Amino acid sequence: MRGALLLGSILALALIGSVDAAAPPTTRVPGVLTVGVNLPSEGFQVGAAKGSTVVFAQGLEIDLARALAAKLSLRRAVFVQSRFDQLLSPGPKRFDLAVAQITITKARRTALDFTVPYMRADQGVLLAQTVDTAPATIAALRPLRLCALAHSTGAALVRERIRPAKPPRVIGNVPTLMLSLQTGRCQAVVYDAPSLGTLKARIPSRYGAFAGVIRTREQYGIALPKGSPLLRTVNAALKQLLAEGLVQSLQRKWLSANLQRLPILK
């Protein structure tokens, strides 16, 4: 009898635990995962926004956020357009978490909490059509007028490792960055290799050669406000999605470049 009672108690506790595990976490809007993004970034997140309201979005990170909301038993994900530096700044946010090819760095950890990495990447170098000879080394990049995205690891790479002879142009958003490359304001752009490769593969006539990649072995993570009570739950859900192979399938769906064939600039 006591054994039967003990077994019944264990089953009851297991049932309670499974209900708790399936219960959605507390978010800014009940039943909704509010996600900060920085549209556009080809392959990762593109769409349309009216002010901070995202009216349409698609891409690898958009699909990842929606899968994460479903894994957390939330009804849906909604997206909030923000400047990249606002995603990285400390303090209260208008969203539960942010996803925007945010590289995990020691400096950023002082202001934000990060999940486990969901993707690894290097920096790429895409040339303007006016550059006839593709640089084969980092040193060969130094005479060029280089551009990078403001507050990005690409900008830090240009400043600290490439050290160009001409002051680099640091540009506030990706569309203007790429337009500057098309119009010749930049001779080369240093930016996340997967996005540059996808841009070049989809519209090759707009740009010059893809010179290659610079090994940085960056890790993209989902960023949350410092001390967020969601971190543990989001981390567990993301680990499950990674184990299921979701990110690999999203890479095949959204990223069209084969970066393995590109030269490594040293």
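What follows is calculated from the coordinates using simple rules that are stated; it is not laboratory data. Fair warning: this is a prediction, and the values are worked out from it, not measured in the lab. Positions of Cβ are backbone-derived with ideal geometry, glycine not excepted, and every protein chain shown enters the neighbour counts.
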Q. Dipole magnitude of segment 121-218 about its Cα centre, charges +1 at Lys/Arg Cβ and -1 at Asp/Glu Cβ only, in debye to the nearest 20?
A. 200 debye
Q. Where the only charges are on Cβ atoms (+1 Lys, Arg; -1 Asp, Glu), what is the dipole of the chain about its Cα centre, to the nearest 20 debye?
A. 460 debye
Q. Quick one: Karplus J couplings for segment 247-254, per residue in order, coefficients 6.51, -1.76, 1.60, θ = phi - 60°, nearest Hz, x for Gly and Pro?
A. 5, 4, 5, 5, 4, 5, 6, 10
Q.
Charges on Cβ only, +1 for Lys and Arg, -1 for Asp and Glu, centred on the Cα centroid of the chain; of Pro135, Pro175, Ala257, which one is farthest towards the dipole's positive end?
A. Pro135
Q | Value of relative contact order over the chain, rounded to a whole percent, pairs C-alpha under 8 Å and six or more apart | A | 25 percent
Q) Rounded to the nearest 5, what % of the DSSP beta bridges within segment 121-218 are antiparallel ones? A) 60 percent
Q) Pairing the Cα long axis of helix 2-22 with the longest principal axis of the chain, what angle in degrees results, from 0 to 90 and rounded to the nearest 10? A) 30 degrees
Q) Could you name the lysines in cross-link range of Lys93, using Cα to Cα under 18 Å and dropping any fewer than eight places away on the same chain? A) Lys226
Q: Beta carbons within 10 angstrom, averaged per residue: use that to sort the peptides 116-129, 67-80, highest first.
A: 116-129, 67-80
Q: Using just the helices of the chain, give the 222 nm mean residue ellipticity in deg cm²/dmol: DSSP H runs with n ≥ 4 each add -39,500 (n - 2.57), and the total is spread over all residues, rounded to 500.
A: -9500 deg cm²/dmol
Q. Where the eigenvalues come from the Cα gyration tensor of segment 226-266, what are the semi-axes √(5λ) of the equivalent ellipsoid, largest first, in whole Å?
A. 30, 16, 8
Q) Within the chain, what percent of beta bridges assigned by DSSP are antiparallel, to the nearest 5? A) 60 percent
Q | Residue (of Thr198, Ala121, Ala148) at the positive-pole extreme of segment 121-218, dipole from beta-carbon charges | A | Ala148
**Q.** Ellipsoid semi-axes in whole angstrom, largest first, where each is sqrt(5λ) of the Cα gyration tensor of the chain
**A.** 41, 18, 17
(Q) On the principal axes of its Cα set, how long, how wide and how thick is segment 121-218? Give whole Å, largest value first. (A) 31, 25, 25
